[in-house]
Amino acid sequence: MSGGQQGTAMLDELALSALTDAILACELFFLAGLSLRAGGQLLSPAWLWGMTLALIGLASLLGTIDHGFFEAIGHPGHRDMVVATRLVIVAGSLGMIVTSAMQYLSGAWRLGGMVLAVGAALYPVSMILTSDDFLSVILYYSAGLLLLLVLSVLNLRGNRGTGPMILGIVLTLGVSGMIPAQSGGFWGLGLYGSYHVLLMPTVILLYLGGRGFRQTRGGPGK
């Protein structure tokens, strides 16, 4: 530069959010592929968990596109991207609940749990379509995580993956608390950049927890 002056261009928080979301999406797609391993039956808990990780990865990918290309320039499609991203998060949360029911419940308990989960999903979906509210989405996927946490604790000795799963859920809930708390984030990344970075090691624990899920349909123990 003229006059011997030098400058360093820094990414703003929105760009960092898009970049970290892209890395998280790639990680989740990779872990989903590992979860959908050969030998697993369609709609088995292991298969459903792989699809759940893929949906969460898709939500991260949509977030990347939105933050990097739509929100950054105030594009009119930004609102549609926000709606699509949040709907996919709800779908991933529903997948988490269905996986929990398929892995740990049977009979009327399983059916009732899945029906209740679908009914409960209508609330965040309606909020997504009619407002900019994100809290309902957080509450729904937090409820899915808490259900899986409770069932994992109750079956601690019956599934070799419950230890990593429990730790992964606790860490995910803790990290997710940054959003409603409106934390400033860490390391100069901002709130969402820090949120994505902290989730990167956490989703590995969720993947490891799902490795112990049954690869066949049917009730627990079948």
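Quick rundown of the values:
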| item | result |
| --- | --- |
| Which listed residue, of 53, 58, 94, is touching a Ser or Thr at 6+ places or on another chain (Cβ under 8 Å) and modelled with pLDDT of 95 or more | 53 |
| Qualifying residue in segment 107-124 (condition: under 19 Å from the mean Cα position of the chain (by Cα) and among the aromatic types (Phe, Trp, Tyr)) | yes |
| Matching residues, segment 120-156, being open to solvent by less than 40 Å² (accessible area, probe 1.4 Å) and among the small types (Gly, Ala, Ser) | 121, 131, 136, 142, 144, 152 |
| Filter result (under 22 Å from residue 140 (Cβ atoms) and not hydrophobic (A, V, I, L, M, F, W, C)) within segment 68-92 | 79, 80, 85, 86, 92 |
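The values are calculated or read from the model by the stated rules, or taken from the named source; none is laboratory data. Please read these numbers as outputs of a predicted model, since none were measured by experiment. Backbone-built Cβ (ideal geometry, glycine too); neighbour counts: all protein chains shown. Areas reflect the complete protein model, heavy atoms only, side chains present, ligands, DNA and RNA absent. Shrake-Rupley method; radii C 1.70, N 1.55, O 1.52, S 1.80 Å.
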